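The values are calculated or read from the model by the stated rules, or taken from the named source; none is laboratory data. Values in this document were obtained by computation on a predicted structure and should not be read as measured data. Glycine also receives a Cβ, built like all others from the backbone with ideal geometry; neighbour counts cover every protein chain displayed. All accessible areas refer to the heavy atoms of the entire protein, side chains included, with ligands and DNA or RNA removed. Shrake-Rupley method; radii C 1.70, N 1.55, O 1.52, S 1.80 Å.
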Amino acid sequence: AIKKIGILGGSFDPAHIGHLAISIQAKKNQIKNVIWAITKQNPFKKRCSKNLEERIRQSKKISKSKKFIRVRYYEDKIKSNKTINLLNYIKKKNNVNIYFIIGSDILINFHRWHKWKLISQKCNIL
């Protein structure tokens, strides 16, 4: 069987119990690992209050008891902050089914995302 992984993207400013709760919920859907893909700057939000390193550190701290959560920063590697490019990168590196975890607060702007229709074809929206 192809491994199922979840991706929860965002600025994590700050990482909080809601991020943990939806990651735990995803795990109950047979998702093996959840990647917290931290972005330097969410294009739909104002500037972050904490710098990237601080947000990564805080995210690792809040998720450390949940071994299935991996905190990652990909933007330097993929030279982009676009979700579609992240999905293409992860799919190329691994044979996985991706479940893109999205909160209802973000879902209302999903149609404004870069290549949003393609995103919904490349992965499962959870």
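If I take R0 = 30 Å and measure r between the Cβ atoms of LYS61 and TRP116 in this structure, what FRET efficiency does the formula 1/(1 + (r/R0)^6) give, to the nearest 0.05?
Working: r = 32 Å, r/R0 = 1.06.
Once rounded, the FRET efficiency stands at 0.40.
Would you look at the GNM of the chain, springs on alpha carbons closer than 10 Å, and say which of ASN85, ASN33, ASN109 moves the most?
Of the options given, ASN109 has the highest mean-square fluctuation.
Tally up the carbon and sulfur contribution to the accessible surface of the range 1-124 as a whole percent, 1.4 Å probe, everything protein left in place.
51
Report, in listed order, any pair from LYS4/LYS92; LYS28/LYS77; LYS3/LYS92; LYS66/LYS122 with a Cα-Cα distance greater than 24 Å.
With Cα atoms farther than 24 Å apart: LYS28/LYS77; LYS66/LYS122.
Cut-off 10 angstrom, C-alpha nodes, Gaussian network model of the chain. Which of LEU86, LEU20, LEU107 fluctuates the most?
Looking only at LEU86, LEU20, LEU107, the largest GNM fluctuation is found for LEU107.
Give me the extension gain from ARG72 to LYS32: residue separation times 0.36 nm, minus the current Cα-Cα distance, reported in nm with one decimal. Before the final figure, lay out each step's value.
Values: separation 40, 0.36 × 40 = 14.40 nm, distance 1.59 nm.
Roughly 12.8 nm would be gained on extension.
Of all DSSP beta bridges in the chain, what percent run antiparallel (nearest 5)?
Details: 0 of 18 bridges.
The antiparallel proportion sits near 0 percent.
Just reorder TRP36, TRP113 by solvent-accessible area, largest first, 1.4 Å probe, all chains present. All intermediate terms of the calculation are to be shown ahead of the outcome.
Values: TRP36 0, TRP113 45 Å².
Sorted descending by solvent-accessible area, the residues read TRP113, TRP36.
Where a Cα-Cα gap under 18 Å defines reach, which lysines qualify for LYS50, not counting those fewer than 8 residues away within the same chain?
Filter leaves LYS40, LYS60, LYS61.
Let me make sure I get this right: for the range 12-101, a, b and c are the square roots of the gyration tensor eigenvalues over alpha carbons, sorted descending. Under 1.5 in a/c it's rounded, otherwise prolate if a/b > b/c, else oblate. Which is it?
Details: a/c = 1.79, a/b = 1.07, b/c = 1.67.
Here the range 12-101 falls in the oblate category.
Calculate one ³J(HN,Hα) per residue across the range 65-74 by plugging θ = phi - 60° into the Karplus curve 6.51 cos²θ - 1.76 cosθ + 1.60, and present them in order as whole Hz with x for glycine and proline.
7, 9, 5, 7, 8, 10, 8, 9, 10, 10
What FRET efficiency would be calculated for the residue pair LYS79, PHE44, taking the C-beta separation as r and a Förster radius of 25 Å, to the nearest 0.05? Can you show the working numbers first?
Values: r = 20 Å, r/R0 = 0.82.
My answer for the efficiency is 0.75.
Skipping prolines and chain starts, which residues have an amide H placed within reach, meaning under 5 Å, of the one on ILE69, given they are 5 or more residues away or on another chain?
VAL34
Can you tell me the accessible area per residue over the range 1-85, all protein chains present, probe 1.4 angstrom, in square angstrom?
Numbers: 5130 Å² over 85 residues.
Here the per-residue accessible area is 60 Å².
Go ahead and collect, in residue order, the members of the range 98-112 whose backbone nitrogen is under 20 Å from a label point 7 Å along the Cα-Cβ direction of ALA21.
Only 100-109 fall inside the zone, counting backbone N under 20 Å.
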